[in-house]
Amino acid sequence: MSCSGNKGAKDTCCETQNQPTGLLDASESRREFLWDAVKNFTFGALTLTVIPMFIEKADAEEVHTGKDGKETKGHTVIFGYLVDTTKCIGCGGCMLACKKENDVPDGQFRTWVERYVYYADGSVRVDANLKGKFAFSELPPINPKEVLKSFFVPKLCNHCTDTPCIQVCPVGASYKTKEGVVLVDYEQCIGCAYCVQACPFGTRFINTKTQTADKCTWCYHRIQHGEKPACVDVCPTGTRTFGDINDPESEISKALAENRIDVLKSYLGTRPKTRYIGLTAEVV
Amino acid sequence: MMPHAGEFIFPNDLNGVAWTVMIVLYPYITGLVAGAFVVAALYHVFGRKELAPVARFALAASFSFCAFATLPLLLHLHQPQRAFFIMFMPNFTSAMAGFGFIYSFYLTLLAVEILLVFRTDIVAMANEKGVRSLLYKLLSLGVLRETAKSKEIDAKWVHALSVLGIPAACVLHGYVGFIFGGIKANPWWSTALMPVIFLASAIVSGIAMLIVLYIVFSKIRRVKVDDECLRSMMKTLWLFLILAVVLESLELLNMAYEAGEEWHILSRLVTEKLRFSFVYVQLIIGSAIPFVLLLIGWMKKTGPRTRVTLGMISGLLVLVQVLSMRFNVVIGGQMLSKSFRGFVEYIPEWQGREGILVAIGVFTMPFVLLAAVSQILPVWKIDAHDHQA
């Protein structure tokens, strides 16, 4: 309200404005003090809890959209991984290299190779190479004419964009780096195994040595220095390609652009960054 | 543990399931907490005065189970020394992160309600002489005087806490169901019905446990079982049993009727792997039989002695039903390899931190605490105003 109205109004208005604060009675100033305390407390609580949540959210969004990856040569790096199943010969060298590079305990796997055999009667037989050196289980003696087709599918963490494992980790020990790599903080993991349950791809496990959740890191210790993951380096047929999907000139970006690309269990909406060439509906 | 020929499970599943018997026990104990509280609330909030003989005991039972609800989780954690990270650095996108807060809130609510319900007795005993009174002085929180006004205020608080405790119990157990229901990777778990199913079965288990304990304690104390009270509990149990079983069946029926791409493996899970624990124990022994027994049990014509027998048998059967339901959800869900081409073998272990022996030990503890509480506090006393009524 302005003070320039009619006289009566002006008087009332200005009187209120000019009233010295010292004239407020004790109960009023106490009420004011309490009100201030409530306001300040609420503001403080909001600052400490709600606002950081939004900031965190904003960070996560940036990773999704690739706005804030690791700066290299003037652009942001988002890592991706491509498996060309048409090239895999099922040797299992990748799995052995991974075990050696990452000290993965016996009986546990950060990567493995599956074999799919399609028979003329419509059945599909699946097994996995868990020992390396082409060591799949013995197939029953069959007439080669009964087999329609057969191929290998290497599996590893999908480093999903919308990760169920990070979502369910109760202490935030599972997290995503700026480059989109999904990792576990072994010092923070409480070993509840909720992430093991939440991962749709069976790539997480409780490491029997460290007693924490464990999974493929895309050899984060190597890729930080410009090297490739051990499995990619060791593959004799170039089945596995790794690189910056934010760089259109990278080998992986070109392969992603030129081929028909699929991901595992796309219906779950996790948007994996490990992608495949040559999948069939039977591969899950 | 190699899968059968033609089957395939993901290699990391060859080591067995990640959640074992402790995670079966955890929702079982939590359910008993919620269920027992509901009985107390039926009395305090919904005016079911015939439940007066067990109203105080129900609170004590709820508290005793609640006190040990976290122990199975602690035994399960692979890094138990980091257990409190869940409260100090919670990740709120995780359903599990709320656990510490919901649990602490509920345990506190129960403790306060018990102290208020028993306040008159605590104050009276605190004012007596002798060493024993020291304990009651402690429980009285140092206030050794009661006035008509203070009693009135306490009664209001008891009512308020009982009212608040109902949604809190629903949150506590609904949340446990959500832990499973929110896992889209697992088609046996991933259903919005899961929290409701857990809640219904929690109430069922809590009432059944109270029926069994009421009868057992009455035998020990050599007092007659209050017929009206038992009948009322059996009727309530019968109602909630129907609700729980209908929900459980609807969930399965829906999966079978829709017959999505995972049904081929889920149907085998139900009919082969869980045939004994699901079809025989959960559905027939634990649901169909108690349904009939309870129905006969709560009918007016049935004599008091028959009612006690029927109550005891059906109570125990329902307790087995809920335990098997927890098993079928927790272990059954993990038997399903996410390859959806084979099953993970579950071989229960007897010894070790997560073994069956320790689980039995853990499950014994709430009963020991309850026995102790019933020695310290007059859990069988009926509130004065209801006695007159």
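The values are calculated or read from the model by the stated rules, or taken from the named source; none is laboratory data. Quick caveat: nothing in here was measured; it's all calculated off a predicted structure. So basically every Cβ, Gly included, is an ideal-geometry build from the backbone, and we count neighbours across all protein chains shown.
For every residue, the table says whether it meets (1) modelled with pLDDT under 90; (2) over 19 Å from residue A:90 (Cα atoms); (3) assigned to a loop (DSSP other than H, G, I, E, B); (4) touching a strand residue (DSSP E or B) at 6+ places or on another chain (Cβ under 9 Å).
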position	(1), (2), (3), (4)
A:142	yes, yes, yes, yes
A:150	no, no, no, yes
A:155	no, no, no, yes
A:160	no, yes, yes, yes
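Tell me which residues, restricted to the range A:192-214, are surrounded by fewer than 19 Cβ atoms within 10 Å (Cβ to Cβ) and on the phi > 0 side of the Ramachandran plot.
The answer is A:211, and nothing else.
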query = If you take the residues in the range A:161-199 that are touching a residue at least 60 places away in the same chain (Cβ under 8 Å) and within 25 Å of residue B:335 (Cα to Cα), which one is farthest from the other protein chains (Cβ to nearest Cβ)?
reply = A:163
task = Test each condition in (1) assigned by TED's automatic domain parsing to the domain that holds residue B:121; (2) under 28 Å from residue B:189 (Cβ atoms) for residue B:371 and report the one that comes out false.
result = (2)
ask   = What are the residue pairs meeting all of these: first residue in the range B:93-105, first residue assigned to a loop (DSSP other than H, G, I, E, B), second residue at pLDDT 90 or above and surrounded by 21 or more Cβ atoms within 10 Å (Cβ to Cβ), Cβ atoms under 6 Å, and 6 or more apart or on different chains?
value = B:94/A:168; B:94/A:169; B:94/A:170
request  = Those residues that are out of contact with any Ser or Thr (no Cβ under 9 Å at 6 or more places or on another chain) and of a type in the set (Val, Ile, Thr), I need them from the range A:167-193; list them, please.
outcome  = A:177
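Of the residues B:139, B:172, B:116, which single one is aliphatic (A, V, I, L, M), crowded, with 16+ Cβ neighbours inside 10 Å and at pLDDT below 90?
Only one candidate passes the filter, namely B:172.
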query = Within the range A:266-275, how many residues are buried (at least 16 other Cβ atoms within 10 Å of the Cβ), within 13 Å of residue A:159 (Cα to Cα) and either over 14 Å from the mean Cα position of the chain (by Cα) or not hydroxyl-bearing (Ser, Thr, Tyr) (or both)?
reply = 3
request  = Could you tell me whether residue B:276 is without any contact (Cβ under 8 Å) to a residue 12 or more places away in the chain, aromatic (Phe, Trp, Tyr) and either in the same structural domain as residue B:326 (by TED's automatic domain parsing) or assigned to a helix (DSSP H, G or I) (or both)?
outcome  = yes
Hits in the range B:65-89 - residues which are surrounded by fewer than 19 Cβ atoms within 10 Å (Cβ to Cβ) and in contact with a Phe, Trp or Tyr (Cβ under 8 Å, 6 or more places away or on another chain) = B:70, B:87
ask   = Is at least one residue of the range B:102-109 within 14 Å of chain A (Cβ to nearest Cβ) and either of a type outside the set (Lys, Arg) or within 24 Å of residue B:167 (Cα to Cα) (or both)?
value = yes
ask   = So which residues in the range A:236-265 are assigned to a loop (DSSP other than H, G, I, E, B) and under 20 Å from the mean Cα position of the chain (by Cα), if there are any at all?
value = A:245, A:246, A:247, A:263, A:264, A:265
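Kindly check whether there is at least one residue in the range A:226-234 that is more than 14 Å from chain B (Cβ to nearest Cβ), of a type in the set (D, E, K, R), free of Cβ contacts under 8 Å to residues at least 40 places away in the same chain and within 21 Å of residue A:103 (Cβ to Cβ). Walk me through it before giving the result.
First pass over the range A:226-234, keeping only residues more than 14 Å from chain B (Cβ to nearest Cβ): A:226-234.
If we keep only those that are of a type in the set (D, E, K, R) as well, we get A:227-228, A:233.
Those left that are additionally free of Cβ contacts under 8 Å to residues at least 40 places away in the same chain: A:227-228.
Within this subset, residues satisfying the condition of being within 21 Å of residue A:103 (Cβ to Cβ) are A:227-228.
Scanning the range A:226-234, I find at least one residue that is more than 14 Å from chain B (Cβ to nearest Cβ), of a type in the set (D, E, K, R), free of Cβ contacts under 8 Å to residues at least 40 places away in the same chain and within 21 Å of residue A:103 (Cβ to Cβ), so the answer is yes.
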note = Flagged in the range B:30-52 as touching a Phe, Trp or Tyr at 6+ places or on another chain (Cβ under 8 Å) and surrounded by fewer than 23 Cβ atoms within 10 Å (Cβ to Cβ), in numbering order, are B:49, B:52
key: Check on residue B:99, touching a helix residue (DSSP H, G or I) at 6+ places or on another chain (Cβ under 8 Å), more than 12 Å from every other protein chain (Cβ to nearest Cβ) and under 27 Å from residue B:361 (Cβ atoms)   = no
query = Got a number for residues in the range A:163-184 being assigned to a loop (DSSP other than H, G, I, E, B) and within 29 Å of residue A:129 (Cα to Cα)?
reply = 3
note = When residue A:196 is run through (1) within 30 Å of residue B:80 (Cα to Cα); (2) in the same structural domain as residue A:110 (by TED's automatic domain parsing); (3) not in a loop (DSSP other than H, G, I, E, B); (4) not basic (Lys, Arg), the failure sits at (2)
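Scan the range A:211-225 residue by residue and report those that are more than 19 Å from the chain's Cα centre (by Cα) and more than 9 Å from chain B (Cβ to nearest Cβ).
As a first pass, look at the range A:211-225 and keep what is more than 19 Å from the chain's Cα centre (by Cα): A:211, A:225.
Passing the criteria: only A:225.
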ask   = Would the range B:187-202 turn up any residue that is surrounded by 22 or more Cβ atoms within 10 Å (Cβ to Cβ), within 14 Å of chain A (Cβ to nearest Cβ) and outside any helix (DSSP H, G or I)?
value = yes
task = Out of the residues in the range B:139-175 that are hydrophobic (A, V, I, L, M, F, W, C) and over 18 Å from residue B:63 (Cα atoms), state the one that is nearest to the other protein chains (Cβ to nearest Cβ).
result = B:153
query = For residues in the range A:109-138 being within 12 Å of chain B (Cβ to nearest Cβ) and among the aliphatic types (A, V, I, L, M), which is surrounded by the most Cβ atoms within 10 Å (Cβ to Cβ)?
reply = A:113
Sole residue being within 23 Å of the chain's Cα centre (by Cα), within 14 Å of another protein chain (Cβ to nearest Cβ) and in contact (Cβ under 8 Å) with a residue 24 or more places away in the chain, chosen from B:20, B:30 = B:20
inquiry  = I'm told residue A:126 meets every condition in (1) part of a strand (DSSP E or B); (2) modelled with pLDDT of 95 or more except one. Can you identify the failing condition by its number?
reply    = (2)
ask   = Going by the conditions given, is residue B:243 outside the structural domain of residue B:369 (by TED's automatic domain parsing), assigned to a helix (DSSP H, G or I) and under 29 Å from residue B:269 (Cβ atoms)?
value = yes
ask   = In this structure, is residue B:345 assigned to a loop (DSSP other than H, G, I, E, B), surrounded by 12 or more Cβ atoms within 10 Å (Cβ to Cβ), at pLDDT 90 or above and in contact with a Gly (Cβ under 8 Å, 6 or more places away or on another chain)?
value = yes
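Against the condition polar (S, T, N, Q), within 30 Å of residue B:68 (Cα to Cα) and not in a helix (DSSP H, G or I), how does residue B:334 come out, does it pass?
Numbers: polar (S, T, N, Q): yes; within 30 Å of residue B:68 (Cα to Cα): yes; not in a helix (DSSP H, G or I): no.
Considered against the rule, which asks whether it is polar (S, T, N, Q), within 30 Å of residue B:68 (Cα to Cα) and not in a helix (DSSP H, G or I), residue B:334 comes out as no.
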remark   = Note on residue B:47: of the conditions (1) in a helix (DSSP H, G or I); (2) modelled with pLDDT under 95, unmet is (1)
